[in-house]
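Undergrad: After the structure tokens below, expect a handful of questions from me.
The values are calculated or read from the model by the stated rules, or taken from the named source; none is laboratory data. Every value quoted in this text rests on a predicted model; they were computed, and no experiment measured them. Here the Cβ positions follow ideal geometry from the backbone for every residue, glycine too, while neighbour counts run over all protein chains shown. What goes into the accessible areas is simple: the full protein's heavy atoms, side chains included, and nothing from ligands, DNA or RNA. Shrake-Rupley method; radii C 1.70, N 1.55, O 1.52, S 1.80 Å.
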Amino acid sequence: MSTAAKKLDSADLIRASHIPRRIMSTFEDADTEETVTCLQITVYHPGQQQSGVFQSMRFCNREKLPSSEVVKFGRNSNICHYTFQDKQVSRVQFSLQLFKKFDSSVLSFEIKNMSKKTSLLVDNKELCYLNKIDLPYKCMVRFGEYQFLIEKEDGESLEFFEIQFILSPRSLLQENNWPLQKPIPEYGGYPFFSTQNTSPTEMDENEF
């Protein structure tokens, strides 16, 4: 065998020896990749086609956020991560925050009402201004004519979580046969008031 042929065989052996290592490295990386907790939020508003209240939201794509992030929803794009194009919505309507319970290995979320003028309904629980509650794995959140079906998918990562929005063409209450019950105040002691605000107002609690 010539010297050139020997060098060629040697080079082929070296290349071949690296292929399994690269493949093994890929499998090792895949095995150690952490899954991420995801909130899937399906939204509906009866005027969504005409008024475009959700036009600033990106649907179907998952957005990754740091676990320390307090996610705010409302009208003010300078404050809120996700905005509604609706003057009847408060500048900050509600917020979602991640936390970890002492006796659990998975992440949980709490939802807080940030609006003084509108109550927030989480299933049949009514939250007034600054009231907060832990989100169950699946729940219906409402204020005014807005409906949000929120579903949580557990993940392993403690550093990040994801949010995915889906636009529903039909009422979520009707589509999911959600039972309508009399709202229960979070801490009691105040009368129930409607989540409908029929008189538009530009000034609210977040403008001061």
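Undergrad: Give the number of residues within segment 102-122 that are open to solvent by less than 20 Å² (accessible area, probe 1.4 Å) and over 20 Å from Glu151 (Cα atoms). Before the answer, list the steps.
TA: We begin by selecting, within segment 102-122, every residue open to solvent by less than 20 Å² (accessible area, probe 1.4 Å); these are 107-109, 111, 113, 115, 118-122.
Right, trim to over 20 Å from Glu151 (Cα atoms) and you get 115, 118-119.
Selection size over segment 102-122: 3.
Undergrad: I need a count of the residues in segment 29-67 that are part of a loop (DSSP other than H, G, I, E, B), more than 19 Å from Leu120 (Cβ to Cβ) and touching a residue at least 12 places away in the same chain (Cβ under 8 Å). Break it down into steps so the answer makes sense when it comes.
TA: Applying the first criterion (part of a loop (DSSP other than H, G, I, E, B)) to segment 29-67 yields 33-36, 45-47, 52-58, 60-61, 67.
Applying the additional criterion that residues be more than 19 Å from Leu120 (Cβ to Cβ) yields 33-36, 47, 52, 55-56, 58, 60-61, 67.
Cutting the leftovers down to touching a residue at least 12 places away in the same chain (Cβ under 8 Å) gives us 34-36, 47, 52, 55-56, 58, 60-61, 67.
So the count comes out to 11.
Undergrad: Inspect segment 84-101 for any residue being touching a strand residue (DSSP E or B) at 6+ places or on another chain (Cβ under 8 Å), of a type in the set (A, V, I, L, M), farther than 18 Å from Lys138 by Cβ and open to solvent by less than 70 Å² (accessible area, probe 1.4 Å) and give the result as yes or no.
TA: yes
Undergrad: Under the condition of being closer than 19 Å to Val92 by Cβ and in contact (Cβ under 8 Å) with a residue 60 or more places away in the chain, which residue from segment 143-166 is farthest from the chain's Cα centre (by Cα)? Outline the logic, then answer.
TA: Of segment 143-166, the ones closer than 19 Å to Val92 by Cβ are 143-146, 148, 150, 163, 165.
Next, only the ones that are in contact (Cβ under 8 Å) with a residue 60 or more places away in the chain stay: 145-146, 148, 150, 163, 165.
On the way: Glu145: 19, Tyr146: 16, Phe148: 10, Ile150: 8, Ile163: 4, Phe165: 7 Å.
Checked segment 143-166; the qualifying residue farthest from the chain's Cα centre (by Cα) is Glu145.
Undergrad: Just to be sure I understand, how many residues within segment 127-156 are in contact with a strand residue (DSSP E or B) (Cβ under 7 Å, 6 or more places away or on another chain) and either farther than 19 Å from Leu96 by Cα or open to solvent by less than 40 Å² (accessible area, probe 1.4 Å) (or both)? Break it down stepwise before answering.
TA: The first filter runs over segment 127-156 and keeps only residues in contact with a strand residue (DSSP E or B) (Cβ under 7 Å, 6 or more places away or on another chain), leaving 127-135, 137-143, 147-155.
This time we only want the ones that are either farther than 19 Å from Leu96 by Cα or open to solvent by less than 40 Å² (accessible area, probe 1.4 Å) (or both), so: 127-128, 131, 133, 135, 139-141, 143, 147-150, 152, 155.
Selection size over segment 127-156: 15.
Undergrad: Something else about it: Please enumerate the residues belonging to segment 53-69 that are surrounded by 12 or more Cβ atoms within 10 Å (Cβ to Cβ), modelled with pLDDT of 90 or more and either closer than 16 Å to Lys100 by Cβ or among the hydroxyl-bearing types (Ser, Thr, Tyr) (or both).
TA: Matches in segment 53-69: Leu65, Ser67, Glu69.
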